1. Restricting to segment 150-173, and then to whatever is over 12 Å from the mean Cα position of the chain (by Cα) and of a type in the set (Gly, Ala, Ser), can you tell me which residue is farthest from residue 72 (Cα to Cα)?
2. Looking at segment 109-142, which of its residues are aromatic (Phe, Trp, Tyr) and modelled with pLDDT of 60 or more?
3. Just a yes or no: is a residue in segment 65-74 closer than 19 Å to residue 194 by Cβ, touching a helix residue (DSSP H, G or I) at 6+ places or on another chain (Cβ under 6 Å) and not in a helix (DSSP H, G or I)?
4. Is there a residue in segment 174-197 that is farther than 21 Å from residue 84 by Cα, part of a helix (DSSP H, G or I), in contact (Cβ under 8 Å) with a residue 60 or more places away in the chain and more than 16 Å from the chain's Cα centre (by Cα)?
5. Are there any pairs, at least 6 apart or on different chains, whose C-beta atoms fall under 7 Å, with the first in segment 151-170 and free of Cβ contacts under 8 Å to residues at least 40 places away in the same chain and the second in a strand (DSSP E or B), and if so, which?
6. Name every residue in segment 75-111 that is part of a helix (DSSP H, G or I) and at negative phi, in order of residue number.
7. Looking only at segment 183-202, count every residue that is surrounded by 21 or more Cβ atoms within 10 Å (Cβ to Cβ) and more than 20 Å from residue 72 (Cβ to Cβ) and tell me the total.
8. Does segment 152-163 hold any residues that are touching a strand residue (DSSP E or B) at 6+ places or on another chain (Cβ under 6 Å) and at positive phi, and which are they?
Amino acid sequence: MIAIIDYGMGNLRSVAKALENLGAEIKITSSPKVITSAQGVVLPGVGAMPDAMKALVKEKLVKPIEKVISADKPFLGICLGLQLLFETSKEGGGSKGLGIFAGSVPRFVFSKPRTANDERLTALKVPHMGWNQIKQTDSRWQMADSSKNILSGIEDNSYVYFVHSYYAKPKDRTLVATTTDYGIEFCSSIARGNLFACQFHPEKSQKVGLRILKNFVAQCK
């Protein structure tokens, strides 16, 4: 069974439907016991980091998330579910995250040219919304069992769907599984053991996203 964490914020039904269509048994839950006993866990998220952290603390979900990750159970973070894993965010005037990984979550700022010869000052809009490519990093993060590689079957520079104004900036660059260019090259997903967290929405990314979700379901068996 795959537990989808319900903390009052997130694209729960769309993620649940996508996983169910892949044959997974899922449960949308805020129960710490169910979360820690599940074969795999999904932390979705749509909204602001400060509100999300307040909700996780209120529902007593911080410790269960930490326990699942420390046990190296299959874990999938989506959008805000990626950002929450880091120490701090600039959102809402500043907010603490779960601090699972060292790093921050800054906002896209395009008030200056990318290079001295670049005349585009504010051509890129925030939020970053729509289809963009993911470029895979080297294989240091990939699991020894390639059959359980979350990006198995995903071609480099595949297109996925984004909606965000903030992005994760890990201190440990070996965490970075993919990068994406949007004015800057930013971290679009991280991986460590059986944990994978992405800034994009796999449930909205058609065939590429469904393949990633299929690979996650395979990890959970």
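1. Ranking the candidates gives 165 first.
2. 110, 131
3. Looking for residues that are closer than 19 Å to residue 194 by Cβ, touching a helix residue (DSSP H, G or I) at 6+ places or on another chain (Cβ under 6 Å) and not in a helix (DSSP H, G or I), one finds at least one in segment 65-74, hence yes.
4. No: zero hits.
5. Correct list of pairs: 156/135; 156/136; 157/133; 157/135; 162/128; 162/129; 162/130; 162/132.
6. 80, 81, 82, 83, 91, listed by residue number.
7. 6
8. 157 - this is the single residue of segment 152-163 that is touching a strand residue (DSSP E or B) at 6+ places or on another chain (Cβ under 6 Å) and at positive phi.
The values are calculated or read from the model by the stated rules, or taken from the named source; none is laboratory data. As the structure is a prediction and not an experimental result, all values here were calculated from the model. Cβ sites come from the backbone with ideal geometry, for glycine too, and all protein chains shown count toward neighbours.
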